[in-house]
Amino acid sequence: MITIIDYGTGNLRSIENMLRVLGYPSVISCDPHVVRRAERIILPGVGHFDYGMRQLRERGLIDALNDVVLTRSAPILGICLGAQLLTRGSEEGNEPGLCWIAAETRRFDRSRLPESLRIPHMGWADTEYDASHPLFYGFKSIPRFYYVHSYHMVCDEPGLELSHANYGYRFVSGVARDNIAGVQFHPEKSHRFGKVVLANFADWNLGKSGDSRS
Amino acid sequence: MRVIPTLLIDGNGGLVKTIRFGKRTYIGDPINAVRIFNEKEVDELVLLDIDATLNARGPNLHLIEDIVSEAFMPVAYGGGISSVSQMADALRCGVEKVVVNTAFHQNPGLIGESAARFGSQSVVGCLDIRRGIFGGVSLMTHSASRKFQGDALRIAEAWCSAGAGELMVYSVDRDGTRRGYDISALKQIAERVEVPVIACGGAGSFEDFVSAHDKGNCSAVAAGSLFVYHSSTLGVLINYPNRAELDTKVFSKLLCNQ
């Protein structure tokens, strides 16, 4: 069972819909007790960084998430804002993030973008990925994913980078460490490419040797 | 560049296509159309309920939910949205973005409120523009049944500084005519704002997409007739080019392909 965290941001229904079509049961919850017992977690999110962190805190979800992800090592996938929340913080706001991934979230650097490119970055982008990570098993060609964001993650070390895409410049579009992964793109809105990633997440078995990264 | 089918739904939940926001042709069942667009892996969909504001009602949430439940691409919904709570309802149904025209003209404060709540990327301002006989551009509201006094460029700028993450510019007098986008209006607006601009109204061919991008400075192109009618017979045919076709006929011809 996959628990989709409801903290008042973003489009949970799309994720639930895609998981349903793929045949994986899911539950949407904002209850810290349910979250604490979760086997597998998706942290979705669209919106403002500070709003997201405050909503998590007000619902008592930060402690629950720390418990289930850090102590019980349940696999978690952050999507879009949910991925950015895994970092220490964002230029978008002042709230600290969950600090699970040694990275920051920064605004697209206008000075590095050609004038024709707008912010937010909205659209499909070919995405390079770390083929050794279970989330990206099974792709035979470069997948395309849908992105909608004005901010992107910047990792302290390359070992935390899971995927990359280009928008004016190459940016980190996915991060991962151990049982934690986050993607800037929206798998739930990325047709068959997204289905592969969500199915891989649902099947991600940390017990298998070689599956977990240090 | 994103290539986006625009689907218009009426008060009965049917899929229709208009000409100049007037004469309507019934196209079919929107859910079926979305299923086809889903199979064709379209970049994105815009779904507009063209009767909601006219009939002074909010979005038909059940219909939206049914339509998007199997749409595995981003969907923007517009029609009848006049409050943050209606936006929250629509987003909860499974759409990624809300498209607002009339309510942003009437209550510009709503733009900032909604951007703060959902993030700019979920807030699409739609400018319905109509070119008069002397070439001037008027702003229209309520499915183009009313005129709004104001300067399109200034309003575009104000909406974006208030927090709109994207602008859709819908040419009323070109809607359904297939005579090409209003490139000069698009260009003027796109040059005034930082956010992506979606061209809408008038697309008749893939060349129009290229012009909207290269000459109109638009980041996305939307089209209705082109994707719901068979090009030569004008019979109903839900269609969308495949990746290879888009590459050769559109993307490879763009000056700067992003």
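Points worth noting:
- Members of A:LYS195/B:LYS253; A:LYS140/A:LYS195; B:LYS187/B:LYS249; A:LYS189/B:LYS40; A:LYS195/B:LYS40 lying beyond 20 Å, as alpha-carbon distances in this model show: A:LYS195/B:LYS253; B:LYS187/B:LYS249
- Among B:PHE227, B:PHE104, B:PHE134: highest mean-square fluctuation, GNM of chain B, C-alpha pairs under 10 Å: B:PHE134
- As a proxy for reagent exposure, ranking A:CYS80, A:CYS155, B:CYS126 by other Cβ atoms within 10 Å from fewest up yields A:CYS155, B:CYS126, A:CYS80.
- Likely footprinting exposure, B:LEU255, A:LEU22, fewest C-beta neighbours within 10 Å first: B:LEU255, A:LEU22
- Annotation for the stretch B:36-70: GluC sites (Glu not before Pro) lying in DSSP loop with at most 15 further Cβ atoms inside 10 Å of their Cβ are B:GLU70.
- Ranked A:ASP67, B:ASP51, criterion: other C-beta atoms within 10 Å, fewest first: A:ASP67, B:ASP51
- Reachable lysines, given that their alpha-carbon falls under 21 Å from the alpha-carbon of B:LYS147 and they are not under 8 places away in the same chain: B:LYS23
- Rounded to the nearest 0.05, the FRET efficiency derived from the C-beta distance between B:ARG57 and B:ARG35 at R0 = 35 Å is 0.85.
- Candidates A:VAL46, A:VAL34, A:VAL172: whichever shows maximal mean-square fluctuation once chain A is modelled as a Gaussian network with Cα springs under 10 Å: A:VAL34
- Electrostatic tally near B:PRO241: other residues with Cβ closer than 12 Å to its Cβ, Lys and Arg +1, Asp and Glu -1, net -1.
- Anisotropy class of the stretch A:2-203 from Cα gyration tensor, a/c 1.5 cut: oblate
- Cα gyration tensor shape for the stretch B:106-258, rounded if a/c is under 1.5, else prolate or oblate: prolate
- The stretch B:2-253, dipole about Cα centre (Lys/Arg Cβ +1, Asp/Glu Cβ -1), debye to the nearest 20: 720 debye
Here, each number is a calculation from the coordinates, and none is a lab measurement. Quick caveat: nothing in here was measured; it's all calculated off a predicted structure. In this analysis, Cβ positions are derived from the backbone assuming ideal geometry, glycine residues included, and neighbour counts consider all displayed protein chains.
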